[in-house]
Amino acid sequence: MIIPASAFLAPESAPSRSLPRQNPRHSCVDVPEREARTPLAQAWRQLRGIEPLSMCDWPGRTTSVLFFAGCNLACPTCQNADLAFGDALPPVSRSRAMIHLGERSRWLDGVVVSGGEPTTVPGLPDLLADLARFGLPIKVDTNGLRPEVVREVLDLGLAEAFAVDVKGPFERYPQLTGQAVSTDTARERLNEIFDLARSRPRSFMFRITAVPVLEGRDIEAARRLLPPGFDLTIQEYKTPRRTHAQPHSQAGRTTGDLVHGPHRHGHSESPERQRHQGSAFS
């Protein structure tokens with residue numbers, strides 16, 4: 001699906017309608033300077049992009065997707081390295097995000113929090129609680145390597161679902177993540193995720209990207225890691241066209257599209273075009 005230009009956010013300077021009246025302590029203005037060091041403010045400072053409309057990020061739902069900077073991996077073929085590993089993309093303000101969601105909350109079926117890696121965002125639970133005011137279900141995309149954060153979010157009832165990107169069999173994780181994760185660490189942390197999935201099966205979905213170094217037997221080995229009753233959605237791998245990505249390295253990750261600066265809809269190498277070539281749930 002190619003998102004029409006009309007779905008994208010207006011420039012920051014353009015006027016927008018106000019949100020319906022909210023509790024004053026949750027007003028949709030940016031976090032005051034005196035609160036700039038709170039977990040909530042720290043979390044919102046990581047926001048780098050918004051996909052206004054997605055019909056492929058949560059099966060059966062029409063959603064908006066928020067993209068947050070930062071990642072705990074170093075996958076060599078990351079198609080959104082500017083988002084995951086650096087500060088090349090300017091922040092999107094909290095007020096803009098909240099107004100955007102407020103204007104669309106009546107016809108959206110949910111909000112997806114993606115990245116990067118959302119579980120590395122400081123104050124993620126506070127951010128999810130902030131988003132919960134709209135009464136929309138929330139899904140979080142994650143690589144599953146911070147299971148303690150996933151558990152906290154679930155225990156607090158702050159997300160309805162997690163989509164977990166399984167990179168491959170445990171023994172391939174050092175290669176697939178740019179040596180960011182050892183085999184033993186991958187086994188320990190993902191097994192915690194699988195335990196959570198066993199106890200809350202409706203809260204998890206699993207996917208894998210068929211990167212060039214993964215063979216069919218690797219994908220089947222990864223599938224066998226999942227708890228009974230779960231399927232592993234295979235994402236098609238597309239060779240990245242962006243110069244910072246290495247198409248023949250040991251990993252690949254399909255990431256979301258942004259609506260900021262040169263990454264806006266229509267750019268010949270935009271993340272949006274990369275993404276919809278091989279959506280996880282198409």
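Listed values, structure above:
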{"quantity": "Kirkwood Rh, angstrom, segment 62-179 [1 / mean 1/r, Cα pairs]", "calculated": "15.1"}
{"quantity": "Where GluC sites (Glu not before Pro) fall in DSSP loop in segment 171-223, at most 16 other Cβ within 10 Å", "calculated": "215"}
{"quantity": "Within-12-Å neighbourhood charge of residue 119 [Cβ basis; K, R +1; D, E -1]", "calculated": "-2"}
{"quantity": "Sites matching chymotrypsin sites (Phe, Trp or Tyr not before Pro) across segment 65-150 that sit in DSSP coil, with at most 15 neighbouring C-beta atoms within 10 Å", "calculated": "107"}
{"quantity": "Within segment 113-148: backbone nitrogen closer than 20 Å to the residue 105 label point (7 Å, Cα to C-beta)", "calculated": "113-114, 124-140"}
{"quantity": "Hydrodynamic radius by Kirkwood, which averages 1/r over all alpha carbon pairs of segment 90-149, in angstrom", "calculated": "12.5"}
{"quantity": "Förster-model FRET efficiency, 41 Å R0, residue 200 and residue 87, C-beta, rounded to 0.05", "calculated": "0.70"}
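Each reported figure results from applying straightforward, stated rules to the coordinates on display, with no laboratory input. Please read these numbers as outputs of a predicted model, since none were measured by experiment. Every residue, glycine as well, gets a Cβ built from its backbone with ideal geometry; the counts of neighbours run over all protein chains shown.
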